[in-house]
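The values are calculated or read from the model by the stated rules, or taken from the named source; none is laboratory data. It should be emphasised that the depicted structure is a prediction, and the values quoted were computed from it without experimental measurement. Ideal geometry is used to build each Cβ from the backbone, glycine not excepted, and the neighbour counts take in all protein chains shown. Accessible surface is based on the protein model in full, side chains and every heavy atom, while ligands, DNA and RNA are left aside. Shrake-Rupley method; radii C 1.70, N 1.55, O 1.52, S 1.80 Å.
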Amino acid sequence: MAYGRNSEELQRRRQVALAGGQGKSRERHLAAGKLLVRQRLELLFDDGFEFEDGLLAASETGLPADGIVTCVGKVNGRDIAVIANDATVKAGTWGRQALLKFNRMQDLARDMGLPLLFLVDSAGARIDEQKTLFLGRNGWGNIWYNQVQASGVIPQVCVLFGPSPAGAAYVPALCDLTIMVDKQASAYLGSPRMAKMTIFEDVTDEQMGGARLHTSVSGVGDVLVKDDAEGIEMARRYLSYLPPNWTEKPETVTPVAPVVGDKPIGEIVPHHQNVAYDVHELIDALVDEGSFFEVKANFAKEMTTGLARLGGLSVGIVANNSKHKGGVLFNDSSDKAARFIWMCNAFNIPLLFLQDISGYMIGSSVEKAGIIRHGAKLLSAVCEATVPRICVLVRKAYGGGYLAMSGAPTHPDAMLALPTAMPALVGPEAAVNAIHYNQIMELPEAERAAFVAAKRDEYAADIDVYKAAADTFAAEDVVAPELLRDDLVKRFRIYSRRNASTIQRRSAVHPV
């Protein structure tokens, strides 16, 4: 029998590939508190691989599996595809065989309708192979081309355990959700060393593109976790809310009653518009216990977004949080909500808007930063959503913010209101200033405060949710707080039965 074709030789080669990198690279990896790539996969899968492709890739060159594991396994009982870097092999960089494996698993996931999970811990492309893998049609750029082609077709999730520099940074950026490990994950187009050499800026990895920066300032990251194991667990949990692909609906699970807190909903929501409260309390009182999975919790906190279960049904929640900046819409919060809405719409996840909004931020600084453009992005996302959509007027519902948060003219399936709702073009303060400014200026200064207070009270008294529901059919119903959850569960059950229709066109032209 020819050398290399006996079972002993096969077994030896397999063991070398499965062991991954050895020596100092392995020691550094473990010393940093990281799990090895196959340990991560053990935590991820319910019960091992279904199969692995390319295990013996680059076996002749001393690079086990060419530094990348591509496989399929079950998560929560469902098949998913995985592309995972082995950072102990040449820092998890991409070579020729790694690229072939990477692209092949992307094709398989898209063609078979499987969610695709990227476990990223890589120094990026191998510069010493750029002559053959950078410029041509078969180059590294196929990775991102394939990600864009799969966007909205299958869920794409990234857990970033370590670096993802230069072009590799677009892997997490193009995913639907990116989970980042604190003090380990990083992503940047130019490294701190390159920045120091070219633009004379002296910064650390964390300052340039660390997990906390990206999950709180830039918005590239969506979820911050403390270690590898938590990152894997969060990925498993997130995928449980989604269907395998765009043609299917999320799984409905056994309903669980919401958390029984110290206060009922009627006491959680303050009656006065200027009293702030944490919308998380309202969400917890509505959704199945322990089911809220927040997306971008540390970024643009005036907007709260996340997945939850409502009577066992997956829903996406978009909520103003008056605890932060009064819940006013800014550029980042508009972007945050728009992208979340696009993701939910792509994967048949119904949307629940909890509206308590005084409008978009005003002022020269936000105008220079493009608040109109960013606000238009959110309006686009809301108006083109075809999944079941319910808006609840919790409290304030003013101006353009009312529309951006799925107001009646954007054609939600239902507009509901709590008795605390205050729908109006503008709030009392702005209205009195606009209507009575000249009259106020003509009054003696000592009389102005009393006049303004009286006019504000008069205007506020005319903001009546019952009149809005009665005169203009602005709301399908005004719901008692204690009945809101049951009403939402019943409505989503009914609305989820219809087939969504879309406008025939090549694509919308979105504001960016």
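Could you check how many residues of segment 103-114 are open to solvent by 10 Å² or more (accessible area, probe 1.4 Å) and assigned to a helix (DSSP H, G or I)?
7
For the list (1) within 33 Å of the chain's Cα centre (by Cα); (2) among the polar types (S, T, N, Q); (3) more than 23 Å from P163 (Cα to Cα), I need the number of the one condition that Q15 fails.
The single condition Q15 does not satisfy is (1).
Got a number for residues in segment 202-244 being open to solvent by 10 Å² or more (accessible area, probe 1.4 Å), under 24 Å from S333 (Cα atoms) and polar (S, T, N, Q)?
3
For segment 115-129, give me each residue that is within 18 Å of I232 (Cβ to Cβ) and not in a strand (DSSP E or B). Full working, then the answer.
Start the filter on segment 115-129 by keeping residues that are within 18 Å of I232 (Cβ to Cβ), which leaves 115-122.
Residues satisfying the conditions are P115, D121, S122.
Given the criterion under 21 Å from the mean Cα position of the chain (by Cα) and surrounded by fewer than 17 Cβ atoms within 10 Å (Cβ to Cβ), identify the matching residue among G152, G139. Break it down stepwise before answering.
Details: G139 fails: under 21 Å from the mean Cα position of the chain (by Cα).
Residue meeting the stated conditions: G152.
Checking the conditions here, which among K368, K377 is farther than 26 Å from D487 by Cβ and touching a residue at least 40 places away in the same chain (Cβ under 8 Å)? Step through it out loud before you land on a result.
Numbers: K368 fails: touching a residue at least 40 places away in the same chain (Cβ under 8 Å).
Among K368, K377, only K377 is farther than 26 Å from D487 by Cβ and touching a residue at least 40 places away in the same chain (Cβ under 8 Å).
Checking the conditions here, which among T61, T70 is of a type in the set (S, T, N, Q) and either at pLDDT 95 or above or open to solvent by less than 50 Å² (accessible area, probe 1.4 Å) (or both)?
On the way: T61 fails: either at pLDDT 95 or above or open to solvent by less than 50 Å² (accessible area, probe 1.4 Å) (or both).
Unique residue meeting the criteria: T70.
Taking the stated definitions as given, is V148 of a type in the set (V, I, T), in contact with a helix residue (DSSP H, G or I) (Cβ under 9 Å, 6 or more places away or on another chain), in a helix (DSSP H, G or I) and modelled with pLDDT of 90 or more? If you could, list the steps in order and put the result at the bottom.
On the way: of a type in the set (V, I, T): yes; in contact with a helix residue (DSSP H, G or I) (Cβ under 9 Å, 6 or more places away or on another chain): no; in a helix (DSSP H, G or I): yes; modelled with pLDDT of 90 or more: yes.
It is false that V148 is of a type in the set (V, I, T), in contact with a helix residue (DSSP H, G or I) (Cβ under 9 Å, 6 or more places away or on another chain), in a helix (DSSP H, G or I) and modelled with pLDDT of 90 or more.
Restricting to segment 39-66, name every residue that is in a helix (DSSP H, G or I), touching a residue at least 40 places away in the same chain (Cβ under 8 Å) and in contact with a helix residue (DSSP H, G or I) (Cβ under 7 Å, 6 or more places away or on another chain).
Hits for segment 39-66 are R40, L43, L44, P64, A65.
Quick one: in segment 486-512, of everything that is polar (S, T, N, Q) and either touching a helix residue (DSSP H, G or I) at 6+ places or on another chain (Cβ under 6 Å) or open to solvent by 100 Å² or more (accessible area, probe 1.4 Å) (or both), which residue is nearest to A381 (Cα to Cα)?
Going through segment 486-512, the residues polar (S, T, N, Q) turn out to be 496, 499, 501-502, 504, 507.
Next cut, either touching a helix residue (DSSP H, G or I) at 6+ places or on another chain (Cβ under 6 Å) or open to solvent by 100 Å² or more (accessible area, probe 1.4 Å) (or both) only: 499, 504.
Working: N499: 19, Q504: 17 Å.
Ranking the qualifying residues of segment 486-512, first place goes to Q504.
Can you pull out the residues in segment 117-136 that are polar (S, T, N, Q) and surrounded by fewer than 20 Cβ atoms within 10 Å (Cβ to Cβ)?
Passing the criteria: Q130, T132.
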